[in-house]
Amino acid sequence: MTLLLAPMEGLLDFVLRDVLTRVGGVDRCVSEFIRITDTLLPDRVFYRYLPELHHGGRTLAGTPVRAQLLGSDPVTMADNAAHLAALGPEGIDLNFGCPAKVVNRHGGGAALLKEPERIATLVAAVRRAVPAHLPVSAKMRLGFNDTSLALECALAMQAGGACEIVVHARTKLDGYRPPAYWEQIPAIRAAVSVPVVANGEIWTVQDAQRCREVSGCDALMLGRGMVADPGLAWAIRAADGAQSVAVEWPDVLPHLADFWRLVCRDLEPRQRAGRLKQWLNLMRRRFPEAELAFQQVRTLTDDDAVSAWLQAAQRR
C-alpha cells in the first residue's frame, strides 16, 4: 500500500507537512499548488512553497515532496517546470482539481476538465521540459459540473506523459461536500495503464478500507483526515497487517509544540495563533482532549500566551 499526503492550500503547507511526516506513515507528499501565470517565477517563490528543496526535496523526516504547479498556458508551465526541476524536487505534479473561482476564471485547476485536449497539451509540454528521470504526475477531479469527461481527462493526462493520476472523487460542483464518489474510480483505472491514487473523504481506517474496496486502488491520498488524526496513516497500515505506531493525544502534544515553534519561526505574527486553532479544530474529530485544548486557546491571540499554554499542557 502507498499512502500520500495531500496538498491543501491554507492548511497543509510546508509547516504542517514537516510535522506530520515526523509522526510518519506516509510515503510521499505533494506541495500546495504554485500558481503559474505569464512569468518565469524566481527561485525564492519555489523555495517559499517548498523549503524542502534546501534538503534534497525531502522533509526533515526524509519524506519526499513532489512540487505541484497550477496553470493553463503550456509554454509558461513548461518554462517554470524546467526552472523548478533544476532545484531538485522529487517530481512535479500538475493541478487539474482546484475548485476556486478565481483560479477557474483564469482557466486553471478544475476548469481544464472541460477541455481534455488542452490537458494533454499542457502535460506533454511539462513532460518534454523536464529531465526524463523526473516524475510528472497529475491530480484531477471527476469533472467540472458532471463526470461525463472523466475518462477523457484521465486518458489525456496519460497521453501527455503523466506517470500517475490522483483522482479526487468529486466534481468541481461538489466542492468538498461529502460523499466522495469512489465508485467512479474503477472505470478510470480500467481506462488508463498508469497507477491511479484514490482521494477524498478518507477520515478513518474504515473509510480507507472501504475506499480501497470500492475504488480498487492500493494507493490512497490522505488530506484533512490526516490533519485531524496525525496517526491515521499508521492506523491504516496496522489494519492492513503492517507493523505500525499507535498515536494518541500524549504523542501528539510534542508535535503540536514543534508545529507552534515552526509557525512562530516561519509565518507572519497575524497568522500564527489562527494556524494552531485551525489544527486543533480539526483534531476535535479524533481526540476528546483536542476539544478542551481548542476551547482553552480559541480566544488567545498573543504568541507568549499561546506558548505558555503549550508548556502547561505538556506538563499535565
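Observations on the model:
- The stretch 60-70, subset in contact (Cβ under 8 Å) with a residue 40 or more places away in the chain and buried (at least 19 other Cβ atoms within 10 Å of the Cβ), residue farthest from residue 126 (Cα to Cα): 63
- Test set (1) closer than 22 Å to residue 81 by Cα; (2) touching a strand residue (DSSP E or B) at 6+ places or on another chain (Cβ under 8 Å) - residue 111 fails condition number: (2)
- The C-beta contact set for the stretch 107-130 (first residue under 10 Å from residue 157 (Cα atoms), second residue among the charged types (D, E, K, R) and part of a helix (DSSP H, G or I), distance under 6 angstrom, 6+ apart or interchain) comprises 116/152.
- Test: residue 258 is over 19 Å from the mean Cα position of the chain (by Cα), outside the structural domain of residue 201 (by TED's automatic domain parsing) and more than 25 Å from residue 202 (Cβ to Cβ): no
- Only one entry of 150, 162, 180, 169 meets the criterion of being under 21 Å from residue 114 (Cα atoms), in contact with an Asp or Glu (Cβ under 6 Å, 6 or more places away or on another chain) and not hydroxyl-bearing (Ser, Thr, Tyr), and that entry is 180.
- Total residues in the stretch 35-50, condition surrounded by 18 or more Cβ atoms within 10 Å (Cβ to Cβ) and either assigned to a loop (DSSP other than H, G, I, E, B) or in contact (Cβ under 8 Å) with a residue 40 or more places away in the chain (or both): 5
- For residue 300, the requirement of being more than 17 Å from residue 229 (Cα to Cα), surrounded by fewer than 19 Cβ atoms within 10 Å (Cβ to Cβ) and within 22 Å of the chain's Cα centre (by Cα) is not met.
- Search result, residues across the stretch 174-223 that are among the polar types (S, T, N, Q), crowded, with 18+ Cβ neighbours inside 10 Å and either farther than 27 Å from residue 246 by Cβ or free of Cβ contacts under 8 Å to residues at least 24 places away in the same chain (or both): 184
- From the list 253, 276, 292, 262, the one residue that fits, being touching a helix residue (DSSP H, G or I) at 6+ places or on another chain (Cβ under 8 Å), hydrophobic (A, V, I, L, M, F, W, C), part of a helix (DSSP H, G or I) and without any contact (Cβ under 8 Å) to a residue 60 or more places away in the chain, is 276.
- Test: residue in the stretch 199-217 that is assigned by TED's automatic domain parsing to the domain that holds residue 20, part of a strand (DSSP E or B), more than 18 Å from residue 10 (Cα to Cα) and of a type in the set (S, T, N, Q): yes
- Answer from 81, 86 - the residue that is without any contact (Cβ under 8 Å) to a residue 60 or more places away in the chain and either farther than 29 Å from residue 172 by Cβ or of a type in the set (Lys, Arg) (or both): 86
- Among residues of the stretch 70-109, those that are of a type in the set (A, V, I, L, M, F, W, C) and modelled with pLDDT under 95, counted: 4
- Within the stretch 14-34, the set of residues being of a type in the set (D, E, K, R) and either closer than 25 Å to residue 76 by Cα or assigned to a helix (DSSP H, G or I) (or both) comprises 17, 18, 22, 32.
- Those residues of the stretch 88-125 which are over 20 Å from the mean Cα position of the chain (by Cα) and among the aliphatic types (A, V, I, L, M), in sequence order: 119, 120, 122, 124, 125
- Against the conditions (1) assigned to a loop (DSSP other than H, G, I, E, B); (2) crowded, with 19+ Cβ neighbours inside 10 Å; (3) more than 20 Å from the chain's Cα centre (by Cα), residue 230 satisfies every one except (3).
- Residue check for residue 20: over 26 Å from residue 129 (Cα atoms), buried (at least 20 other Cβ atoms within 10 Å of the Cβ) and in contact (Cβ under 8 Å) with a residue 60 or more places away in the chain: yes
- Residues satisfying the stated conditions in the stretch 165-208, i.e. aliphatic (A, V, I, L, M) and under 30 Å from residue 287 (Cα atoms): 166, 167, 169, 180, 197, 198, 202, 205, 208
- Looking at 125, 100, just one residue is surrounded by fewer than 19 Cβ atoms within 10 Å (Cβ to Cβ) and under 18 Å from residue 35 (Cβ atoms), and that residue is 100.
The values are calculated or read from the model by the stated rules, or taken from the named source; none is laboratory data. It should be emphasised that the depicted structure is a prediction, and the values quoted were computed from it without experimental measurement. Glycine also receives a Cβ, built like all others from the backbone with ideal geometry; neighbour counts cover every protein chain displayed.
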